[in-house]
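Asker: One structure, pasted below without further comment.
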Amino acid sequence: MRSFLVIGLGRFGFHLAKELSSLGAEVFAVDTDEEIVQEISEFVSSAQIADCTDEDVVDSIGVSNFDECFVCMGSDFADSIEITLLLRERGAKRIICKTDSERHAKLLMRCGADEIIYPERDEAHRAARRHVTKHAFDYYPLSDDFAVFEISPIDAWVGKTVSELSLRNRHNINVIGVMRSSALIPVISPDFTFRSGENIVIAGAMKDITRMLGKL
């Protein structure tokens, strides 16, 4: 079982700790707010009211025992820097920091962060891609140029097979599945027939997907 330390239980940190725990991970959540610590305690392995800018607190946690440490502080960037430095000095294996500033990200990396998460920027990017693309129901970026889209049912596709539509040859797009009753059904046969009421999951280059959907 992988173990995670989550420091800072604002909106992002709280949901991160809860989701990690729901996926079967061991999660130790820390914040200075007693109320929020009590709230998260029912979802995670352990929760503690503490200030991780305090060296003694960080020493007592034993940060080197965790697979990954998340620093999810809010607007107090100075605390993020201080905690990141302490985690690195105390032997943390991997440190992931939350920020929405490129300048802050560079400083955090210099202070020992291994990875930066930009939750607000990434969610805004995802929302923009999803809403600007016709028929898009959801969007999962794979890189700057490639993505997976869940799209609403296309009337012209209903009753036709993957082979008949020839999306790979005509549009350079792969159909990888359909959503049926909230479950992903992989599409591996060219004889698969599309039905009404099923969202379709496709993958390909952003330019190819947006071009194809723009024609529908």
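The values are calculated or read from the model by the stated rules, or taken from the named source; none is laboratory data. Keep in mind that what you see is a predicted model, and the values were worked out from it rather than measured. Cβ sites come from the backbone with ideal geometry, for glycine too, and all protein chains shown count toward neighbours.
Asker: I'm told ALA29 meets every condition in (1) surrounded by 14 or more Cβ atoms within 10 Å (Cβ to Cβ); (2) not in a strand (DSSP E or B) except one. Can you identify the failing condition by its number?
Answerer: It is condition (2) that ALA29 fails.
Asker: Then there is this: Within segment 134-158, restricting attention to residues that are in contact with a Phe, Trp or Tyr (Cβ under 7 Å, 6 or more places away or on another chain) and among the small types (Gly, Ala, Ser), which residue is farthest from THR193 (Cα to Cα)?
Answerer: Among residues in segment 134-158 that are in contact with a Phe, Trp or Tyr (Cβ under 7 Å, 6 or more places away or on another chain) and among the small types (Gly, Ala, Ser), the one farthest from THR193 (Cα to Cα) is ALA147.
Asker: If I filter segment 4-12 for residues that are farther than 23 Å from TYR118 by Cα and assigned by TED's automatic domain parsing to the domain that holds CYS111, do I get at least one hit?
Answerer: Looking only at segment 4-12, we keep the residues that are farther than 23 Å from TYR118 by Cα, and these are none.
The answer is no, given that none of the residues of segment 4-12 is farther than 23 Å from TYR118 by Cα and assigned by TED's automatic domain parsing to the domain that holds CYS111.
Asker: What residue, of PHE43, PHE12, is at pLDDT 95 or above and either on the phi < 0 side of the Ramachandran plot or polar (S, T, N, Q) (or both)?
Answerer: Going through PHE43, PHE12 in turn, the sole match is PHE43.
Asker: Now a separate question. Do you know which residues across segment 141-190 are assigned to a strand (DSSP E or B) and within 14 Å of ALA205 (Cβ to Cβ)?
Answerer: Passing the criteria: PRO141, PHE146, ALA147, VAL148, PHE149, ASN174.
Asker: Looking at (1) in contact (Cβ under 8 Å) with a residue 24 or more places away in the chain; (2) part of a helix (DSSP H, G or I); (3) within 30 Å of ASN65 (Cβ to Cβ); (4) not hydroxyl-bearing (Ser, Thr, Tyr), which one does LYS106 not meet, given that it meets all the others?
Answerer: LYS106 satisfies every listed condition except (1).
Asker: Mind telling me which of the residues ARG121, ARG129 ends up being touching a Pro at 6+ places or on another chain (Cβ under 8 Å), at pLDDT below 80 and either surrounded by 15 or more Cβ atoms within 10 Å (Cβ to Cβ) or not β-branched (Val, Ile, Thr) (or both)?
Answerer: Selected residue: ARG129, the only one of ARG121, ARG129 that is touching a Pro at 6+ places or on another chain (Cβ under 8 Å), at pLDDT below 80 and either surrounded by 15 or more Cβ atoms within 10 Å (Cβ to Cβ) or not β-branched (Val, Ile, Thr) (or both).
Asker: Could you pull out the residue among ASP76, ASP122 that is free of Cβ contacts under 8 Å to residues at least 60 places away in the same chain, within 18 Å of GLY8 (Cα to Cα) and among the acidic types (Asp, Glu)?
Answerer: After applying the criteria, what remains is ASP76.
Asker: On to the next question. Is it true that some residue in segment 62-75 is farther than 25 Å from LYS18 by Cβ, assigned to a helix (DSSP H, G or I) and not hydrophobic (A, V, I, L, M, F, W, C)?
Answerer: no
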